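A.B. asks: Structure incoming, see below.
The values are calculated or read from the model by the stated rules, or taken from the named source; none is laboratory data. Fair warning: this is a prediction, and the values are worked out from it, not measured in the lab. FYI the Cβ positions are ideal-geometry reconstructions off the backbone, even for glycines, and counts take in every protein chain you see. Only protein heavy atoms, including side chains, enter the accessible area calculation; ligands, DNA and RNA are left aside. Shrake-Rupley method; radii C 1.70, N 1.55, O 1.52, S 1.80 Å.
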Amino acid sequence: MSSVSSSAYPDTKEPAAERTPRPEWPLWEIFIRGQHGLNHRHVGSLHASDAQMAISNARDVYTRRNEGVSIWAVRSADIVASAPSEKGPLFDPADSKVYRHPTFFDIPEEVGHM
Amino acid sequence: MYAQMVKTDGTGIKSSEQMTPEERAFQERIDADSRIEPKEWMPAGYRKTLIRQISQHAHSEIVGQLPESNWVTRAPTLERKAILLAKVQDEAGHGLYLYCAAETLGISRDEMFEQLHSGRAKYSSIFNYPTLSWADIGTVGWLVDGAAIMNQVPLQRTSYGPYARAMVRICKEESFHQRQGFHIMMQMAKGTEAQRRMAQDALDRFWYPALMMFGPSDADSVHSAQSMAWKIKIDTNDGLRQKFVDQTVPQAEYLGLTVPDDKLAWNADKFGEGKGGYDFSEPDWDEFFAVISGDGPCNAERLGARVKAWEEGAWYREGLMANAAKQADRQPAQAAA
């Protein structure tokens, strides 16, 4: 129920563990900063044994065509995500606060640009 | 397509009254073109069908590297070799995007590999044909990637968010594949007589296997109807095949090559109201069923190469995990930081 402890994905069952005794390389989420001074943006995920490999794999998988100038890699297990069921309580309160948008206020034309 | 004959879970489309409130809300979101994201509620059949479809698509990208890698060391020029390497690397990337998308549905990467290696999961029939000459590499780019684009462009609008986003990335890159293939064909078709014959021979061998990529007619399939209602399948197999033929025949004419089909003819009113399309022969569906169920010219070779790579890489995967664990033990402060 609690959103704070839940990860970004549904729980992965581990039937693979029964067949293959070795653990998978952990999953990492990859964030790339594009060329234009933008924020790092989530582009996808990949498997890597450690942080260094996560960065070099991300280079190969997600920036083959100059898509980025910087990479962040975060272990998927370390991501904390809100639960879809909490979408209402979290985001609905903003609906009634239209005065937070500048267009809420009518300013006479003779005042000029504001 | 890259995902052929994906078995759809469920018993066919339910009417709105037959659905549970959850199912109804889910279907309404899909009908409104909203995207479904990993942790949101979804019918079990939707999840299962998507895992099957996305993993099959991913397997096709990975196995699809094999017929092309055959020509990396034999490419006619250094430039062609570099281009082919880049294309094969893209295919690996496409496989990885798709495996990631499938993993968001709750299946592990190793489990998908196990399904592929044991033969339980399918991959596209097209990759079980051999690439015998350099012209085959041109034809694969032109026809196989061309057919893939035909299927993947609409899938950018598919209802499952991670799948749709993987498709956007893939489609951006796929056009390079088709164009480099057609470029090879242009050079061969306008080259020496021997090169032209090689180009024609490649088209002769790949035309029908390319048509098979769209799968048999699914016009009356209840499973396809369910997948279409869920928007994880956007067009019918026949619709895509027709589009592919209509697009490709003029390209073959430009190359001066002959599509190996006596019945091929433009039908100006094929779909009525002045909407034309080519009449063409169906591929040999018995051959398709044999190839898709493991009995094609290269099935054993392809799966053998995959299993060999997986097994021979086991020491590497394990070794790096052991190394990562050791490093983490040595630097507890850094891990905590």
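A.B. asks: Taking only pairs six or more apart or across chains, which ones have beta-carbon atoms under 7 Å, a first residue in the stretch B:150-179 that is more than 14 Å from every other protein chain (Cβ to nearest Cβ) and touching a residue at least 40 places away in the same chain (Cβ under 8 Å), and a second residue that is polar (S, T, N, Q) and crowded, with 20+ Cβ neighbours inside 10 Å?
C.D. replies: Every condition considered, no pair remains.
Per-residue answers, yes or no, for (1) over 24 Å from residue A:58 (Cβ atoms); (2) in contact with an Asp or Glu (Cβ under 8 Å, 6 or more places away or on another chain); (3) open to solvent by 10 Å² or more (accessible area, probe 1.4 Å); (4) within 11 Å of chain A (Cβ to nearest Cβ):
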{"residue": "B:79", "(1), (2), (3), (4)": "yes, no, yes, no"}
{"residue": "B:82", "(1), (2), (3), (4)": "no, no, yes, no"}
{"residue": "B:85", "(1), (2), (3), (4)": "no, no, yes, no"}
{"residue": "B:90", "(1), (2), (3), (4)": "no, yes, no, yes"}
{"residue": "B:93", "(1), (2), (3), (4)": "no, yes, no, yes"}
{"residue": "B:104", "(1), (2), (3), (4)": "no, no, no, yes"}
{"residue": "B:110", "(1), (2), (3), (4)": "no, yes, yes, yes"}
{"residue": "B:114", "(1), (2), (3), (4)": "yes, no, yes, yes"}
{"residue": "B:118", "(1), (2), (3), (4)": "yes, no, yes, yes"}
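A.B. asks: Please work out if residue B:266 is loosely packed, with under 13 Cβ neighbours inside 10 Å and not in a helix (DSSP H, G or I).
C.D. replies: Yes: the conditions hold for residue B:266.
A.B. asks: Can you tell me which residue in the stretch B:26-45 is surrounded by the fewest Cβ atoms within 10 Å (Cβ to Cβ), limited to those that are within 13 Å of chain A (Cβ to nearest Cβ) and part of a helix (DSSP H, G or I)?
C.D. replies: This residue is B:44.
A.B. asks: Name the single residue, out of those in the stretch B:218-230 being in a loop (DSSP other than H, G, I, E, B) and touching an Asp or Glu at 6+ places or on another chain (Cβ under 8 Å), that is nearest to residue B:163 (Cα to Cα). Please lay out each step first, then the result.
C.D. replies: The first filter runs over the stretch B:218-230 and keeps only residues in a loop (DSSP other than H, G, I, E, B), leaving B:218-221, B:230.
Narrowing the set further to residues that are touching an Asp or Glu at 6+ places or on another chain (Cβ under 8 Å) leaves B:218-219.
Working: B:218: 22, B:219: 24 Å.
Step by step, filter the stretch B:218-230, then rank; the result is B:218.
A.B. asks: While we're here: Where the second residue is open to solvent by less than 20 Å² (accessible area, probe 1.4 Å) and hydrophobic (A, V, I, L, M, F, W, C) and the first is part of a helix (DSSP H, G or I) and lies in the stretch B:284-302, which pairs have Cβ atoms under 8 Å and are six or more apart or on separate chains?
C.D. replies: B:285/B:212; B:287/B:212; B:288/B:212; B:291/B:212; B:299/B:291; B:302/B:63; B:302/B:127
A.B. asks: Assuming residue B:307 fulfils every condition listed in (1) touching a residue at least 40 places away in the same chain (Cβ under 8 Å); (2) away from every other protein chain (no Cβ under 14 Å) apart from one, which condition is it?
C.D. replies: Tallying (1) touching a residue at least 40 places away in the same chain (Cβ under 8 Å); (2) away from every other protein chain (no Cβ under 14 Å), residue B:307 fails exactly one: (2).
A.B. asks: So, one more: In the stretch B:51-73, is there at least one residue being under 30 Å from residue B:146 (Cα atoms), open to solvent by 50 Å² or more (accessible area, probe 1.4 Å), within 14 Å of chain A (Cβ to nearest Cβ) and not in a loop (DSSP other than H, G, I, E, B)?
C.D. replies: Scanning the stretch B:51-73, I find no residue that is under 30 Å from residue B:146 (Cα atoms), open to solvent by 50 Å² or more (accessible area, probe 1.4 Å), within 14 Å of chain A (Cβ to nearest Cβ) and not in a loop (DSSP other than H, G, I, E, B), so the answer is no.
A.B. asks: Would you call residue B:237 at negative phi, touching a Gly at 6+ places or on another chain (Cβ under 6 Å) and open to solvent by less than 50 Å² (accessible area, probe 1.4 Å)? Even if it seems obvious, please write down each step before you answer.
C.D. replies: Numbers: at negative phi: yes; touching a Gly at 6+ places or on another chain (Cβ under 6 Å): yes; open to solvent by less than 50 Å² (accessible area, probe 1.4 Å): yes.
Yes: the conditions hold for residue B:237.
A.B. asks: Got a sec? Which of B:163, B:129 is modelled with pLDDT of 95 or more, surrounded by fewer than 24 Cβ atoms within 10 Å (Cβ to Cβ) and not basic (Lys, Arg)?
C.D. replies: On the way: B:163 fails: surrounded by fewer than 24 Cβ atoms within 10 Å (Cβ to Cβ).
Of B:163, B:129, the one residue that is modelled with pLDDT of 95 or more, surrounded by fewer than 24 Cβ atoms within 10 Å (Cβ to Cβ) and not basic (Lys, Arg) is B:129.
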